[in-house]
1. Mind jotting down the three principal axis lengths of the stretch E:199-277 based on Cα atoms? Whole angstrom, largest first.
2. Quick one: what does P(r) look like for the stretch C:95-163 with 5 Å bins over all Cα pairs, in whole %?
3. Tell me the total accessible area that B and A bury against each other, 1.4 angstrom probe, in square angstrom rounded to 100.
4. How large are Rg and Dmax for chain B when only the alpha carbon atoms are used, in Å?
5. For the stretch C:129-181, what % of the accessible area comes from carbon and sulfur atoms, probe 1.4 Å?
6. Taking only the C-alpha atoms, wrap a convex hull around the stretch B:1-62 and report its volume per residue in Å³ as a whole number.
7. Ignoring ligands, DNA and RNA, what accessible area per residue does the stretch D:53-248 give at 1.4 Å, in Å²?
8. Give me the Å³ per residue figure for the convex hull around the C-alpha atoms of the stretch B:101-142.
Amino acid sequence: MTSRVGIKDLEITFTRSGEQPTTALSGLDLDIEAGTFLSIVGPSGCGKTTLLRAVAGLLELTGGSVTIDGDQVAGPRRETCVMFQSPTLLPWLNVLDNCLLPKKLRGRVQPVAEERATELLVRAGLKGFEKKYPYELSGGMQQRVALCRALGTDPSLLLLDEPFGALDAMTREQMNLDLHEMWARQSPTTVLITHSISEAVFLSQRVVVMSPRPGRVLEIIDVPLPDKREAPVMAEEAFARTCAHIRSYFTKGERNVDG
Amino acid sequence: MTSRVGIKDLEITFTRSGEQPTTALSGLDLDIEAGTFLSIVGPSGCGKTTLLRAVAGLLELTGGSVTIDGDQVAGPRRETCVMFQSPTLLPWLNVLDNCLLPKKLRGRVQPVAEERATELLVRAGLKGFEKKYPYELSGGMQQRVALCRALGTDPSLLLLDEPFGALDAMTREQMNLDLHEMWARQSPTTVLITHSISEAVFLSQRVVVMSPRPGRVLEIIDVPLPDKREAPVMAEEAFARTCAHIRSYFTKGERNVDG
Amino acid sequence: MRAFLPLYVLVGVLAAWQWLPEELGVPDFIFPKFSLVVEKFTSVETLRLLLSNSWTTLFEAFLGLVLGAASGILAGFLLAESDVLRRAFYPYLIALQSLPKVAVAPLFVIWFGFGLAPKVLIVALLCFFPLLVNTMSGVMGVDANRLDLFRSLCASRLQVWRRLLLPTSLPSIFAGLEVAVVFSLLGAIVGEFVSADSGLGVVLQQQQNNYDTAGVFAVLLILCALGVALNQSVAWLRRRVLFWQTANK
Amino acid sequence: MRAFLPLYVLVGVLAAWQWLPEELGVPDFIFPKFSLVVEKFTSVETLRLLLSNSWTTLFEAFLGLVLGAASGILAGFLLAESDVLRRAFYPYLIALQSLPKVAVAPLFVIWFGFGLAPKVLIVALLCFFPLLVNTMSGVMGVDANRLDLFRSLCASRLQVWRRLLLPTSLPSIFAGLEVAVVFSLLGAIVGEFVSADSGLGVVLQQQQNNYDTAGVFAVLLILCALGVALNQSVAWLRRRVLFWQTANK
Amino acid sequence: GVLAAGLLAAVASCSGDGTDKITFGISVPTMSPGWIALAVAEKQGYFKAEGIEVLPQFLGSSGNVLQSMTVGRTEIGTPTPEALLPAIDKGQDVQMVYQWTRGPVQSFAVLPDSEIREVDDLRGKTIGVPDLSSGVKQLADASVSQAGMDPEKDVRYLSVDVGVAAWDALNRHRVDALMIWDTEYAAMENTGAELRYMRADGIDDLFSTTFAANREWSEEHPGDIEAFGRAWTKATIWASENPEEAVKVMWELYPETKTGRDEEDLLEDHVNILKAREESVLLGDPEVSGTWGEYDPDAVRKWVDFATETELISPGLDVDEVYTNRFAAAYNAFDPDSL
Ligand SMILES: Nc1ncnc2c1ncn2[C@@H]1O[C@H](COP(=O)(O)OP(=O)(O)OP(=O)(O)O)[C@@H](O)[C@H]1O
Ligand SMILES: Nc1ncnc2c1ncn2[C@@H]1O[C@H](COP(=O)(O)OP(=O)(O)OP(=O)(O)O)[C@@H](O)[C@H]1O
Ligand SMILES: Cc1ncc(C[n+]2csc(CCO)c2C)c(N)n1
Ligand SMILES: [Mg+2]
Ligand SMILES: [Mg+2]
């Protein structure tokens, strides 16, 4: 139930005829061992989403290669599950049906799947909203629905693009714990994009720091914490040290966001 | 150039025929003095966005009243400027034209307005992207464009709904400083919704903590910091104490996110 | 006051219809006044005649609409799906549409006989195109993120079609249907003009023969009423089906 | 291989047209084979005749299209804007559409004379509706957040119209135009069938009457070509104007 | 798919098997008193008595009728000669079998106070015709030529449709004269219109609508043609003797024809139209001469010559091939008093 991801010399350039092309990623190398929880941090616009979409098989590479378990990625794969940066819910489905969409696409929805989805929604604090439609939810609630949809699929490779960006501190913490618990139980290879350094450190075994565009890997940091994470971990000195180390990348230059 | 906002016994209930109505806000009282920088924090789905939209004159109230400078708010007002939770850029306009949209709607765009917008974009790290279209931007970049659009209007009442949610720590800090600087210069009454407690404390004179749905004001906290905020402020003890005080609302009960 | 506007307009239109022709000295057989047309509906015999012939026309229109709309939607999806198919077949479909129905109707009668078939086919031909184009346009407007979502879930083409493209293009398809449902009546009448033994088109021609302009207007009135009724049924259906579009307004 | 499909289809269609009628023993005056139709285009005299009459028809179609499309789009915005207006006037517009053009064409001739006017009006009437409905449907599909943005900026109705609703409904409007541009030809032919002294409709009838089926097919071929050309021009325009829709695919 | 298949099956089953069913293709769009024999023959059982079943199809124009005959959907059709002769010339294997309208049905018409007194006065005037392509215009051209004018230069044509539109055009002086046919003029006069008629001398012999059949079919089913012609003849006679009854029969079988004014007025109107048509149908008193349905060879020759002259057909069409009188005896083989 876990996948190994290999990224070699990846380059992704967006071209629009008559316009200057944008190189989002260039010469990016990264190996993700099976079952790892890996986070990616980097300045806005550095190519994190692009990297994620390349691993998900949703982009054509302009250079290099991405492999999963040794196979070249040529398109989306069944064992991969992506949660996008925007919730991307379908307005004609209610919350529960949105969550069950992946199941529906893979065959008949068993009652047990429905129970499972309902449970996930309840854990995400969305009890009583199962029959509401997306436009009736707040931004953060929509994001949680999207996360529930992703977690319900039991993937062996889980790709999460800023899943907690619209959540308050407490809900976010709770969801962090839930995500960790799920990862600890099933250990899918997980790639998490986040802007919260502490979240990255708290959840991951390794944290990738990316450079501003064109995105490359600046450093891969092994988090020196036990695999089992609980709230008290954050009080540990290693936690604070790792956070500070990563944060240093973001304060080094004066203003080096984007170009 | 500043407005006073008065909210009395505000109630907002969403009803869809045949469905159970959702009461987003109920019995909410809040006075915002002219020129204040006020932040709102509260659990996801508690009604922050709803409150903002009510102040912006975009919602019909089901109870109570909202006044600006003593006038009942009956619809959107010229001196108010809203930045929505989602970037809401127009796909047929390039980045610069998106920023200039408010100006365009208010008459001819002077060259000076264009310069101003370009400068805002540069400060937001979007140099070189003026002629790109929204779909060519990353999520965080889109959010920055939306913020530039809002800041370019010189409103006397500025309503910001999670403007920095999709930004990395460093870009976020930079944008915080820019926003503060602009506020200090023109002192529009500013209402900021954020999930970052430290951001709220760093930027605001007062922080409103809201209860879970139906949203009410739990406490209004005066931030005991000088009006001029710079990075070192965060090291002060009063800063940490205020943050901790607010955070206590989010960790009090065990799991009280949403209903 | 504003809520009563529809009523005022109705009264205004009818009053103008009643008084204007007389005022302007237009003879009855050129533009009969309203009361003369209404009179047509007072005779049981005429009513029975109109009813049974309306039924024929409606039936032809309905069959043709179903045939044309279904194939239009299907073709719309197929052509939107594949660039190659579109380039290979779309021009022929447009060409087919560009054939004037009044000119091909006689050919249809010759090829397909005197029964229902040629009328149904003309209606289908007329209804096909709005649905083809609107389906294609609706599919084109699909949100790229949603498409990525489905791709990432390894959805089959059929699933993408059924669960994403169909709902996405429904607003556009309904617009096409609203047009097609009205055109279906026109098609049936064109067909009946060429060859038929019953139907409103036949009655219409008979009345023209008899210089019974009030009768012609009565039939036109029925056609208008049918058109409005059909169109409103589609609009009603749209509001039901597209609840997510109307609800967030 | 797949890229050549359009070519194969073309060759296939033409080959079938050339050989099938002969194989099936269909006489030339019922379904002339392709070469006979092509022959029609080899005589300078015939070419000149077809050209000048095509021009007449195109002119009528174009005027009517502009008139019908412009008023359709305008009415679409007005009716989408106001519930009251919609309830007051939409039924009458549908009713107007439900009038069979073949039946009202003679009335138009009586009311508007024998010149350009009745043909242009019939075309306009036919083109009006697809644009009305598609404009309305496009406007309905506007993103609620974007509308809020404009409202929050205190945009005037005209500004909302011009800067939000128009771009939003353009895909849908273009779909309507793609339909209307083809229908405009049909309308011109219907008008010419009833009363005209030139135009492809007249040539068509003359050739029908002369038993010159190859000539009839030649005219139909021209109509098909005009239809495809007009439609493709609209499609080309759409790709230019709606760059943001095609670009992110 | 299933639906389409069903439709096609329905189509296949309704095309006659040719024994006793005859599809009769009519060159006008709808039933009218001009064609009243059709209703009478059906109602009075004349078709039935002959052992045939006639399925009438109103196909709108002679061209449609002829095309329908080529594909075998129609056994007997009612083209006008100016449509039929070119078809034969182009190779369609049909033959005139029953002479129905024995003279021209159309003429010029002007308002009573018009300064146009005879065809010559049409020089420089505008003539309204139903449409520019119809046979009506070809005969108008011929009439104008007969009067020594060039139809291309000396007159203008305007297509005015038939019915109200045509009348209105004349009445409002949008045209100076009309060229339409008998039954249409009768209908106009029924509305109170007053018209004055003119006909060019040379076209008097150019008979109009006639019945034609596929040669192959008529060789295989001579009895059916004879039966049809005889029944039609009987109906024509009965209708001319009982015009009011005939109109009522038509109303009964074609209820949509009974529309407009109240019943008495309509009866009178329809009888008038019927009478107008009878002028050409009863021309030369076929009852007396016993020549129902029989062609005058000279009249046919005139038509062929005329068509050749006006380049409707290429020279050399064999006159004897375009018509046959071999069934004519059978058309008259009944006792008129028995009706
Ligand atoms: N479809 C596209 N067309 C053109 N340029 C694109 C496209 N998608 C992304 N880009 C460019 O690629 C770069 C990387 O974008 P990406 O979305 O990967 O950033 P990101 O790291 O996810 O940023 P954020 O944290 O703001 O979401 C950006 O400069 C963006 O402008
Ligand atoms: N249009 C609507 N129809 C029905 N219910 C709505 C609507 N908009 C919001 N709600 C409900 O109102 C409540 C408050 O929503 P709101 O968007 O104000 O939350 P929020 O505090 O902004 O949350 P977040 O931090 O997640 O953005 C939610 O429970 C939501 O379900
Ligand atoms: C009986 C009879 N009446 C009217 C027409 C209609 N029509 C169409 S073309 C034309 C010219 C004939 O010379 C006429 C009269 C017809 N076909 N047969
Ligand atoms: Mg991103
Ligand atoms: Mg919100």
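The values are calculated or read from the model by the stated rules, or taken from the named source; none is laboratory data. Everything numeric here is computed off the predicted structure, so don't read it as measured data. Neighbour counts run over all protein chains shown; Cβ positions are idealised from the backbone, glycine included. Ligands, DNA and RNA are stripped out before the accessible areas are found, and what is left, the full protein with its side chains, is counted by its heavy atoms. Shrake-Rupley method; radii C 1.70, N 1.55, O 1.52, S 1.80 Å.
1. For the stretch E:199-277, the Cα spread along each principal axis is 47, 37, 23 Å.
2. 3, 14, 17, 14, 10, 9, 9, 10, 7, 5, 1
3. Working: alone 12600 and 12570 Å², together 21890 Å².
It comes to approximately 3300 Å² buried between B and A.
4. Over chain B's Cα set, Rg and Dmax evaluate to 18.3, 55 Å.
5. Numbers: 920 of 1590 Å².
Ligands and nucleic acids excluded, carbon and sulfur give 58 percent.
6. Working: hull volume 5.5 nm³, N = 62.
Per residue, the Cα convex hull of the stretch B:1-62 comes to 89 Å³.
7. Numbers: 6250 Å² over 196 residues.
With all protein chains present, the stretch D:53-248 gives 32 Å² per residue.
8. Numbers: hull volume 3.4 nm³, N = 42.
Spelled out: Cα convex hull of the stretch B:101-142, divided by residues, is 81 Å³.
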